[in-house]
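The values are calculated or read from the model by the stated rules, or taken from the named source; none is laboratory data. The structure presented is a predicted model; accordingly, all values stated were derived computationally and were not measured. Don't worry about glycine lacking a Cβ; one is built from the backbone with ideal geometry, like all the others, and counts go over all protein chains shown. Just the protein is used for accessible areas: all its heavy atoms, side chains included, with ligands, DNA and RNA removed. Shrake-Rupley method; radii C 1.70, N 1.55, O 1.52, S 1.80 Å.
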Amino acid sequence: MVQRITLVVVCLGLACGDVACAPQRVGPTAGSGYVFSVQVSDTTVWLRPGIVAGDGQFPQAAAVIVTAQDSQGRLVDDVPVTFELEPSWIGRASLEPSTTRTRGGKARALFSNPQTTGVVRLMIRVDGTTAPVTLTVISYREPMRGGE
């Protein structure tokens, strides 16, 4: 019990420091019994109208990466993966590609171009089994200067 509490505290501390714990595994899947995990490069995406992306300090996109393994822990290729935005975000952000297959055990999509702020729910489907992912889009505004 003490080890479990310590692990949770360590994971929370790491997550607050912008490093997350190992992703939780989902499965076995309905179709082939695979186990998969989902990692997100940034759980906070910034809406910064008129500002060019690329400084890394305020990410304007997030990579969503799925890793699929068989029951022996080996990476599995050619597993179908579907990435979906919740209906209220369709047309308000991009998640591409919507479908792909694993290569080297991994599949990747990019959440980008948010048009508004809020909480975004993504549904990741692997071989008939679904896992939810939540991102937050927040707005960045340049601080006002002196008399502006």
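Of the strands (runs of 3 or more DSSP E) lying entirely inside region 57-100, those containing at least 1 residues that are among the polar types (S, T, N, Q) and farther than 19 Å from Thr134 by Cβ are 61-69. Close contacts from region 61-73, counting a first residue that is at negative phi and a second that is acidic (Asp, Glu) and open to solvent by 30 Å² or more (accessible area, probe 1.4 Å), with Cβ to Cβ under 9 Å and a gap of 6+ residues or different chains, come to Ala61/Asp42; Ala62/Asp42; Ala63/Asp42; Ala68/Asp77; Ala68/Asp127. The single condition among (1) assigned to a strand (DSSP E or B); (2) surrounded by 13 or more Cβ atoms within 10 Å (Cβ to Cβ) that Pro132 does not satisfy is (2). Can Ile138 be described as within 15 Å of Val35 (Cα to Cα) and either among the hydrophobic types (A, V, I, L, M, F, W, C) or not in a strand (DSSP E or B) (or both)? So Ile138 fails the test. The single condition among (1) over 16 Å from Thr136 (Cα atoms); (2) touching a residue at least 40 places away in the same chain (Cβ under 8 Å); (3) surrounded by 17 or more Cβ atoms within 10 Å (Cβ to Cβ) that Thr102 does not satisfy is (2).
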